[in-house]
1. Return the total of residues in segment 132-171 being closer than 21 Å to residue 96 by Cβ and touching a Pro at 6+ places or on another chain (Cβ under 8 Å).
2. Identify the residue in segment 113-136 that is touching a residue at least 24 places away in the same chain (Cβ under 8 Å), part of a helix (DSSP H, G or I) and not polar (S, T, N, Q) and, among all such residues, is surrounded by the fewest Cβ atoms within 10 Å (Cβ to Cβ).
3. Looking only at segment 137-148, filter to residues that are farther than 18 Å from residue 93 by Cβ and part of a helix (DSSP H, G or I); which one of those is nearest to the chain's Cα centre (by Cα)?
4. Give the number of residues within segment 63-99 that are at pLDDT 80 or above and not in a loop (DSSP other than H, G, I, E, B).
5. Is it true that some residue in segment 196-213 is in contact with a helix residue (DSSP H, G or I) (Cβ under 9 Å, 6 or more places away or on another chain) and among the polar types (S, T, N, Q)?
6. Answer yes or no: is there a residue in segment 194-206 that is at positive phi, surrounded by fewer than 17 Cβ atoms within 10 Å (Cβ to Cβ) and either basic (Lys, Arg) or modelled with pLDDT under 90 (or both).
7. I need every pair where a residue in segment 158-175 that is under 15 Å from residue 118 (Cβ atoms) has its Cβ under 7 Å from the Cβ of a residue that is in a helix (DSSP H, G or I), sequence separation at least 6 or different chains.
8. If I ask for residues that are under 16 Å from residue 207 (Cβ atoms), at pLDDT 85 or above and not in a helix (DSSP H, G or I), which ones from segment 270-302 would you list?
Amino acid sequence: MPDGDPPAGGPPAGAPPAGGNGDKPWSSDWIKPDGTLNTESYKRLPEDVRWVGESLSKYKTVDDYVRGTANLITAVGKKGIIPLPSNAPPEVVAERKALLDGINGVPKEAKDYGLTRPAEVPEHAWDPGYVEKVATWAQKHSVGPAAMKELLNGVVATQVKGQLAAAETARTTFLADQDKAFDEQIRLDAIPREKADALAERAAVGLGFDMSKPEQAGLLKYATVKLAMLRHALAVGEDSYVAGELEKGEGGDAMALAQDAINNKANPLNEPLMNAQHPQHKMAKEKVDQWFRRAAAKMEKAAR
């Protein structure tokens, strides 16, 4: 065998050592003899561009690489901007964001989007805190002001209006069902509707409901609550609510109201007033004390 000839079956002369390339450039063993690409060589790329090795690893042959490069050039020419790889360096991501912010006119701060409540969205349905979070997200992802306002005034406003309309429809249906249930029950009891409404409200007032407060007056819209008030009125006697009617008028005699509550067992305030363990005792006592104070003030005024 002549000097310098490799042993039979060994690597060809000048081939890089198996598993490495010594001090040669990373590309010295990048292309294998069969035309496939050695993806291990990307691990030896210069440090500042080593991150691109992960993207290059998808190309298995030289032909794949060339076609990929051609597609990339075409895409850049058509679109101008292509997505960054997920492992792009932070400084590259920052540069891209600055570019997108400039193109889209993104404000420096989320508050500068100037997002305000659309006229068709009621104030109670507008959540400034939530809108602020959305604006912060938009600023982070380089969403332009025009796109944000279109989203808010178009998609979001339409969605909110639809939800409010659906809620109002559901509420109307619910109240109608409650009214129907109450009406059906008093029909069985042979009580005229006008009388039933009046007795239920008087009983509620007598038990401490403040009908000037919507949240308390609204309880009488529930059939079960209204029927309970009606049952209470019928149980203690309809005449006991005359005092309640007097109280609602400006000419009511406060002393007479107080004495009736104390002495008339049919008065709805009598039982809770006289029974310290009654759950309505405090309310009844305060009501009677109020009448006594009113009566005293009236007498003092008359004595002057």
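The values are calculated or read from the model by the stated rules, or taken from the named source; none is laboratory data. What you see is a predicted model; the values in this text were computed from it and never measured. Positions of Cβ are backbone-derived with ideal geometry, glycine not excepted, and every protein chain shown enters the neighbour counts.
1. Within segment 132-171, residues that are closer than 21 Å to residue 96 by Cβ and touching a Pro at 6+ places or on another chain (Cβ under 8 Å) number 2.
2. The qualifying residue surrounded by the fewest Cβ atoms within 10 Å (Cβ to Cβ) is 125.
3. Checking each candidate, the answer is 148.
4. So the answer is 18.
5. The answer is no, given that none of the residues of segment 196-213 is in contact with a helix residue (DSSP H, G or I) (Cβ under 9 Å, 6 or more places away or on another chain) and among the polar types (S, T, N, Q).
6. No, every residue in segment 194-206 fails to be at positive phi, surrounded by fewer than 17 Cβ atoms within 10 Å (Cβ to Cβ) and either basic (Lys, Arg) or modelled with pLDDT under 90 (or both).
7. Note: pairs meeting the criteria are 160/125; 164/125.
8. Within segment 270-302, 275 is the sole residue that qualifies.
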